[in-house]
Structure formats: C-alpha cells, structure tokens
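Only one structure is covered here, and it is reproduced in the block below.
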Amino acid sequence: MQFLQSVLLRLCTTLITLAGVAVIVFFVIRVVPGNPIAMMLPPGATEADVARLTALYGLDKSIPQQFLIWVSGVLQGDFGTSITTKQPVLQLVLSRLPATLELSVMALIIAVILGGFMALTGTRLRGSKTEAAIDVGNGMALSVPDFLWGLILILTFGVLIPIFHISGRVTPSLPLPFTTNFYLTESVLRLRFDLWLDIAAHMFMPALALAIPLAAIIGQLLKQSLKETMHLDYVTLARTKGYSETHVILREALPNAILPTLTLVGVQFTFLIGGTVIIERLFSYEGLGNMAIDAVINRDLPLIQGIVILFAVIFTGVNLLVDLTYAALNPRLRHA
Amino acid sequence: MLDGRSAIKRKLPTRLVLSATWLTLLTLAAVFAPLIAPKDPLAQDLFLGQLPPFWVQGHEPGYLLGTDSLGRDVLSRILYGARLALTVALTAGTITCIIGATMGLLAGFLRGWVDILISRAIDIWMAFPPVLFSILLIAVLGPSLTSIIIAIVVIDWTRFARVIRAEAMTQGAMDYVASAQVAGRTRLSTMITEILPNVLPTIVVLLTLEMGISIIVEAILSFVNLSISTDDPTWGGMIAEGRASIHQAWWVLVFPLITLFLTVLSFSQLGEGLKDRFDPVLR
Amino acid sequence: MSFLSIRNLSARLKGRPDQILRRVSLEVAAGEVRGLVGESGAGKSMIGKAILGTLPQSVEITGGQIILDGTDLLSLPTAQRRTLIGAKCALIPQDPLTALNPSRRIGPQITNRLVDILHWTRADAEKRARDLLAEVQIPDPERVMRSYPHELSGGMRQRILIASAFAAEPKLIIADEPTTALDVTVQKQILKLIAAMQARHGTALLFVTHDLGVVSKVCQSLSVLYAGYVLEDSTIPDFFHTPKHPYSRALLAATPKYTDPDGSLTPVSDAVIAATRAEVEAADRSAHV
Ligand SMILES: Nc1ncnc2c1ncn2[C@@H]1O[C@H](COP(=O)(O)OP(=O)(O)O)[C@@H](O)[C@H]1O
Ligand SMILES: [Mg+2]
C-alpha cells in the first residue's frame, strides 16, 4: 500500500513538473523577436496577407489567451500546426521520435556494456596497472562532453580511418521498405540485415559519442560500489566456498552493487537524451534534436513547444521508470 | 576540514600541475593575443584559402597552423578565440556559481516553503533538454556575449543548487549549527558564518567544473551559429567551419578541437584535483 | 599427520614492519576441536583468513606453510587453492547479519555451491538443504528457504550459516567467534548447536574465541595467541589444571570460572603483559639472527 502511495505521489510531482515546463516554454518563446509570419510569406506580400496568417495561427490574441487555447488543444492531443511545414506538430514530432529513441537506446546499451566492462575488469584486476589505466581513461572520458567526443570520432573514424558513416541516418540511395520510423528495429524484424548494417553503421558514431561520458560514469560508480561490496562478509564467505574470483564478482557482488548505480544511470540517461540535440546536429542525423534546432532557427513556435514538451515527457518518464525499477529490484523495499 | 600545512607538504598531483600550466598559458595567450598573433584573425585572402599547417607540403610561411576556406590564419583565430572562451568561462561560471550556490544554501538550510519552491524549480529545470533550452534562449535574446552568459546562468544554476542544497542539509543537521542557533544568532548569520565555510570547498570545485562547461556551451552555440557575430573568431565557429570542410582541410577542425579539448579537460582535472585535496579521506 | 598443520606462518602489513603473525605453528587433527584464544587484535581472525585465502590485500604472508590434508596451500596457484579449500573447508562467520547475500533467497545460498561446484542435481541439493535446516532446528525449512535474509532474526541466520557450512561435508570448519554478534540469550543455543553438529558429522573444528569459558566446554585442545605469537599449545585438561605460561595463568584468573560463576576475578596485570610482550619481541629478534 505504501508502495502504491509513493507511486501516486511521484506521478503528481511529475505532472506538476510537466505543467511547469509547458508554462515556461510557452512564455519564453512568445518573446522571440522576429516575426515568424513575415518569414513565411514570399516577398511582396500585403499587410492583409500577414494579418490573415497571423490570425490563422492565433498569434493575434493575447499571450494568456493563446496559452489557454494551446493547453485545451494539448489536452485533446492537438499540439498545433507547424508554421514552416504546415503539418500537425504531433505528427511531425512523432515521425522523428523513433530516430532519437533508437539513437538514445543504442547509446545507453553501448554505455552499459562499456562501463560495465570497465568496472568489472577494474575490479577483477584490482591493484594492477590495468586498473590504473582504466581509472585514467574513465577520468578523461568523464571530463570531456559528448560534443567533443563526437568531433573526435568524426575525425578518427570518419576521416582518418573512414570505416563508419558520419552523416545521416541511412544511405539516401537505399530503397526503404519500412512502415514505421523505427528503422533499426524494423530492419531486424524484416530480417533485412543488409539495411540493418547500413543503419547501424550510421548510428554507431553518434551513439558512441553520447555513450562515452555515460560509460565513464557507470564504470566509475559501479567500480566504487563493487569495491565496497567486495569487502562484505557474504562475498568473503562465497570465496571460501570454492568459487572463482570472477564468479564471486559477477554473482555475489554485482547484484548488490548494481542498485546505487541504477538510480544514477536513470538521471544520466536523461542527460544523454538531452545530448542528442547537439549530437544529431553534428552528425546530420534526422532526429528530434536536429528538427528542434531547425525549428528555433525558423522561429517555428508551435513546433518548438511540441518538441520541448516531448523531451520533458521523456525525461520525467525515464526518471519515474527508474524509481519504480529500483523499488521493484530491491527486495527490502518490495517487502516493506 | 582541510589542514593547510599538511596539504602543502603533500606532493602536488601531476594533473593539477599540468592543467594549471595549460590554463595559465591559455590566459596569457588570450591577454596578449594582439601581440603574439602572427596575423589579423579577421583578414581574409581567398588566394591563401585552405593552406595546410607548416609541416605539410604546400604550406605558406607565416601561417603556422594553416588557413581556413576564407584564407584566415587558424593560429591567430585560436588565440583570439581564447579571449571569448575565457571571458565566458570566468563571467558565466562565476555568476552561475553565485546564484546557484545561494539558491542551494537557502533551500538546504532554511528548508520549509523556500526549499519546496526551489526544489520544484530544480525539478522543472531538470526536465528541459539543456542544449535546446540554451539555443532557444539565444534565439530569444539575440546573439551576443551577454546573451550567452545569461543563457548559461539560466540553465546551469541548478548544477550548483542541487549539490549545495544537499550539502547544506547535511551540515545544517550537525550539532555545531544547533549550538550556534542556541547562542541566539539569526538564521541568516548562521548560514553565512557556519554553513558557507563548510560548503566552500565544494563550491570551488563546482565552479572550476562550470568554467569548463561554459566554454563547451559557448562552443556549441557558436557551432549552431548562434553565438556572437559570425565574423569574430570563436572556437565553436571554427569547429563548425572545420566540420564543413573536413574532407578538404582537416586542420581547420583539428587545431581548435585540440585547444578546446585540452581546455575543457584542464578545467575538469583542476576541479577533480581540488576535490581530492579538499577531501583528505579520499586519498 | 594432522589434517591441518600450520608451520611458522608469518604475516605483516604490506610494506611495513608491523608483524601480524609471528611464526605461528598450529595443528588440527581430523575430527579434533581446537580452540584459538587471545585478546581482541591478537591475530586470531588473521589465522583463519590465511587458511581460507581471504586475507585483506594489505596483509602479506612473509613465510611459513599451511598444509591442508598433505598439500601446502601457499604453494598452490589461487584458483587451485580455492577449489581445494571449497572442497575441504568451510567458515562459520562472526556476524550473521552481514554474511548472507541480501539480494538472494536463503535456499540458493545454501544449495548453489552444491549445484555449481559439486554438480549435484538441484533437487538433491534442495533436499540436502531442507534436511540440514531441520538438523539445525529451524522450524518450517521450506518457508525459510524462500525467505530473504532481512526477514530472519540473527539467531536464525546464524543457524542457516551453520547449516550451510556443513552442507558439503567439509573436513574442517573454521568458526570465527560465531556467537559474539548474537544476543546473550541465543549465544548458548548456538554454541550447543555447533558442538552437536560437530560431534554428529565428525568434522574438525578450529574454534576462534576470546572466551576461555566457551573453550572449556567445546574444545579438546587450544592455542593461546598473543600479538600474533603462539604462547601455549595444550590439551584442555592440561591447560585448565597446569597452565604453563604466566600469561595463560593470568588469563585464567581473569575468566569467570565456569564451575564457580561467583569466583573472584583478577584482570591480567600490566606486569604480566609487559613480560609477555618482551618475550614475544625477544623471540622475534632471535628468529631474525
Ligand atoms: N584489513 C586489515 N588491514 C590491516 N590490518 C588489519 C586488518 N584487519 C586487522 N588488522 C590488524 O591485524 C591484527 C590482527 O587482527 P585480527 O586477526 O582481526 O584480530 P582478532 O584476534 O581480534 O581476530 C590487528 O592488529 C589488526 O589491527
Ligand atoms: Mg577477529
């Protein structure tokens, strides 16, 4: 019961947060200078044309009025119409979301694998030179943000040893048989491994750039947590039972060491998703973030709003999910 | 707390020395850029476009690190770019630190409705994608140095507020604070005389890290062409140009990238190194 | 030949002269119960850890042999040594609250080694665990096996750890102050249980404690340890009737007599401690010449 109560409480705060985001973004972008309507019209348009379009997008009303109209629209699933493309915002945003989701999840998977490997290797080889090297590498990876890793990857694997694509999501000349925009997932489901390879080769560099800092955080935190766990009595007891050190680390220490890392990875994953904005730009990857920057440059107010809200929903959703997983994984909380 | 004498006696860690050296050199380069820059960073010469650096065939004497597509000297632009980068690092870092730390102290020490308000604000801020938010703010404020600084402060104050709030809460729960309260001091004076000195090491570490972050934010904004005016040399702007001409002239990207990399790494290593020295238990 | 034979085992803190064990020699015959007594910090746990290969990384062995069933453990590579120890030894740890993995149910914590290492079938291992839990007088073993450690009391957990120690029928069990962390009310029961289990299974037992009263009830022989140095090694009757070392005599005088709980107590005097310390240091010096 207590568990259910805390879940409900978390849901409430999440809703308050989302409402706050909506209010802030709405009012911030109303201050944007530059008339988006004028930008849309061909040169030589009349005053009347401008007025007509302004009224069409509801920009002639007062800002609080516009907000009410927008909110009531959102509650019915209508996020307005993009000024530049004249398509419904929701449809536009949802068409790009899969690309960003696939990229983020791919990055998360890479980060977990890399970080986990670092932590486990470092723990297994405690006190060796390898451990020291891993620590230095982690420190570096952590100090430098994804944007710079992206540039470094572009230089090394795009120019110096050109083995990966550094631009786009898929080779443009390839005919795509997909019905959804989850290209990577769908290519597997359709058993089109040729396409999968091409898409993955495009996605790998941006995903790795996003993954490196997170991998370092996971590596450091998990290693620290493992280090503390390795001293505990039940781990020592397992050693006397004849298990190998690797088994002791993986089976006895890891399950208990992983919990504190998990909560942190949740928050860090939202940072990673936030990083997709600039990484998608850097790699000309057609996702939500790239679209967002274009929307800002084009003053496409409804589209900016929609994208920011969607990001906020994803962030808060991830945090909520992590909290619930944490509660579900920890037997002490589960039985409380 | 830090015991000054024992800290001095301990050998200075290599990473502190290295990062401090690099940042000092960079500061000197920025201050004396007009004296040491070999060329005018804005001078274009289309006949000298995309010259390679000095050790590559086809270079031109005087252009040590080559030129970009418009024939501007890469080295001179990096040196002048350091001015903007360090200005942003110092001002944006410091202002963010002051505002964020104050928020954190107030929330963590006063608790009550102040804490609820600030914590809610932090939650809301954490739900924004920071890069997108900063780009949006620059679009609203118009590209200028002041806008960049405002954008960084608005976005990053939570970085300080979150950590300092937690620390102030722990400190506030300790006995010495209670005894100061009993002695009849006002809460504000307790906060400044008792809590602040104890969270100061954390603030200094965070400030160092924030300076590196500010430089990255500036570079990102220049990269999407939203920093200051497009002519002025910025590292991010150079990187954007370098990204575009990467297959023809790699050096336009490589040199500003190395500079940016080393600078950000130095700020962060400086911060980490300071953290270790402030926290004797860790070492 | 004894089942376990430690010869001149020395250990110190890595890179420092501080001796933690000084040429310790100690024998445990098959089926024998040997007490290992000494004040806190004497190095009792270190001896247990040295045998089991779980010394902290900061401690290094500087000499001597640990011969288990004819094999010198210290000459074996780590992996082989672990396998050997896993097959022949078991530990009853000091603190039952921290010695069980909090994220795993009790059942697997007893059965896993039987399945993973000794290749029993899971059904056999589970039956064995149930029988053992019943043997250590745990009501409703089925339910306990499905529980998590935090759902059980300290006494219950120590019973489980005892059961687990006997699971693979080891030849030697090391019990490191197995009752110190428990409530006084359950200490006696646990002690009785260990003695009964030992008698039934015929396992050799190295019983680490600082309590001479306990030794007199459970053990057949004992070694007295002081500052990592074995002062005396005798059988229980000999020790309690004619203790050889002055420190032992002082220790006996400082222990409530189990026959006469109201007997007067004299704490170990400073003079005896100083003399003992001097003796240990002299022995150290002569060994280095
Ligand atoms: N992890 C450790 N690292 C270094 N020294 C230790 C460690 N644990 C114990 N010691 C030292 O080793 C000596 C013996 O400790 P121990 O065997 O635990 O004593 P006890 O006889 O109480 O079991 C003590 O002097 C103690 O200070
Ligand atoms: Mg002990």
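Send over a whole-number figure in Å² for the accessible area per residue of segment C:27-185, probe 1.4 Å.
Values: 6220 Å² over 159 residues.
That works out to 39 Å² for each residue.
Take the solvent-accessible surface of the protein heavy atoms, probe 1.4 Å, and return the percent of it on segment B:101-162 that carbon and sulfur atoms account for.
In segment B:101-162, the share of accessible area belonging to carbon and sulfur is 73 percent.
Given the options A:ALA207, A:ALA119, A:ALA19, state which has the largest fluctuation in a GNM of chain A using a 10 Å cut-off (strictly under) for Cα springs.
Residue with maximal mean-square fluctuation among A:ALA207, A:ALA119, A:ALA19: A:ALA19.
Would you compute, from DSSP H runs of 4+ residues alone, the mean residue ellipticity of chain B at 222 nm, taking -39500 (n - 2.57) per run and dividing by the full residue count, rounded to the nearest 500?
-23000 deg cm²/dmol
Given the options C:ASP18, C:ASP233, C:ASP131, state which has the largest fluctuation in a GNM of chain C using a 10 Å cut-off (strictly under) for Cα springs.
Sorting by GNM fluctuation, first place goes to C:ASP18.
So if we plug the beta-carbon distance of C:ALA283 and C:ASP238 into 1/(1 + (r/R0)^6) with R0 = 22 Å, what FRET efficiency do we get, rounded to 0.05?
0.50
Hey, rough spin-label estimate for A:ARG126 and B:THR87, points 7 angstrom out along Cα→Cβ, what's it come to in nanometres?
Here the modelled spin labels are 5.3 nm apart.
Treating only the Cβ atoms of Lys and Arg (+1) and Asp and Glu (-1) as charged, compute the dipole magnitude of chain C about its Cα centre; round to the nearest 20 debye.
660
Could you tell me the calculated FRET efficiency between B:THR193 and C:SER2, based on Cβ-Cβ distance and R0 = 56 angstrom, to the nearest 0.05? Present the calculation step by step, with values, prior to reporting the outcome.
On the way: r = 68 Å, r/R0 = 1.21.
Once rounded, the FRET efficiency stands at 0.25.
Can you list the lysines whose alpha carbon sits under 24 Å from that of C:LYS244, skipping same-chain ones fewer than 8 residues off?
C:LYS44, C:LYS217, C:LYS257
Quick check: residue separation of A:SER244 and A:LEU321 times 0.36 nm, minus the Cα distance between them. What number comes out in nm?
24.2 nm
Whole-Hz ³J(HN,Hα) for each residue in segment C:22-28, computed from phi via Karplus 6.51 cos²θ - 1.76 cosθ + 1.60 with θ = phi - 60°, x for glycine and proline: what do you get?
Residue by residue, segment C:22-28 yields 10, 6, 6, 10, 6, 10, 10 Hz.
Quick one: among A:MET140, A:MET291, A:MET205, which has the greatest mean-square fluctuation in a GNM of chain A with alpha-carbon springs under 10 angstrom?
Of the options given, A:MET140 has the highest mean-square fluctuation.
I'd like the distance separating the alpha-carbon centroids of segment C:233-251 and segment C:104-145, in whole Å.
Spelled out, the Cα-based centre of one part sits 41 Å from the other.
Relative contact order, percent, of segment A:89-309 when contacts are C-alpha pairs under 8 Å separated by at least 6 residues?
Numbers: 260 pairs, mean separation 74.7, N = 221.
Answer for segment A:89-309 is 34 percent.
Provide the per-residue ³J(HN,Hα) series for segment A:277-283, in order, calculated from phi with Karplus coefficients 6.51, -1.76, 1.60 and θ = phi - 60°, each as a whole number of Hz, with x at glycine and proline positions.
Using θ = phi - 60°, the values come out as 4, 7, 5, 4, 4, 4, 9 Hz.
Could you work out the local net charge near A:GLU252, counting Lys and Arg as +1, Asp and Glu as -1, over the other residues with Cβ closer than 12 Å to its Cβ?
+2
So what are the ³J(HN,Hα) numbers for segment C:113-121, from phi and the Karplus equation (6.51, -1.76, 1.60; θ = phi - 60°), rounded to whole Hz, Gly and Pro as x?
Here the 3J(HN,Hα) series is 5, 4, 7, 5, 9, 9, 6, 6, 7 Hz.
Do you know the relative contact order of chain B, to the nearest whole percent, from alpha carbon pairs under 8 angstrom that are 6+ apart?
The normalised contact order for chain B reaches 25 percent.
For A:LEU191 paired with A:VAL50, estimate the spin-label separation in nm (one decimal), with each label point 7 Å from Cα along the Cα-to-Cβ line.
6.1
Quote the total accessible area buried by chains A and B together, excluding ligands, DNA and RNA, probe 1.4 Å, nearest 100 Å².
For A against B, buried area totals roughly 3600 Å².
Sorted by accessible area with a 1.4 angstrom probe, largest first, how do C:VAL214, A:VAL31 fall?
These residues rank, largest area first, as A:VAL31, C:VAL214.
Out of residues 5 or more away from C:SER223 or on other chains, whose amide H comes under 5 Å of its own, with H placed 1.01 Å from N in the peptide plane?
C:GLY35, C:LEU36, C:VAL37
Do you know the Lys pair count in chain A for C-alpha distances under 26 Å, with sequence separation 8 or more or different chains? If you can, show how the numbers build up before the last one.
Working: A:LYS61/A:LYS86; A:LYS129/A:LYS223; A:LYS129/A:LYS227; A:LYS223/A:LYS241; A:LYS227/A:LYS241.
Lysine pairs meeting both conditions in chain A amount to 5.
Can you check what the net charge comes to around A:LEU90, using other residues whose Cβ is under 12 Å from the Cβ of A:LEU90 (Lys, Arg +1; Asp, Glu -1)?
0
Need one number: buried accessible surface between chains C and A, 1.4 Å probe, both sides summed, DNA, RNA and ligands left out, in Å² to 100.
2200
As I understand it, the dipole of segment C:1-138 uses +1 on the Cβ of Lys and Arg and -1 on the Cβ of Asp and Glu, about the Cα centre. Which of C:GLN94, C:GLN19, C:LEU9 lies farthest toward its positive end?
The one lying farthest along the dipole's positive direction is C:GLN19.
Note down the net charge around C:LEU118, summing +1 for each Lys or Arg and -1 for each Asp or Glu among other residues with Cβ under 13 Å from its Cβ. Intermediate values should be presented prior to the final figure.
Values: positive: A:LYS241, C:LYS88, C:ARG113, C:ARG122, C:ARG128; negative: C:ASP116, C:ASP124, C:GLU169.
So the environment of C:LEU118 carries a net charge of +2.
The values are calculated or read from the model by the stated rules, or taken from the named source; none is laboratory data. In this text the structure is predicted, and so the values were computed from the model without any measurement. Glycine gets a Cβ as well: all are built from the backbone with ideal geometry, and neighbour counts include every protein chain shown. Heavy atoms of the whole protein, side chains included, go into the accessibility calculation; ligands, DNA and RNA do not. Shrake-Rupley method; radii C 1.70, N 1.55, O 1.52, S 1.80 Å.
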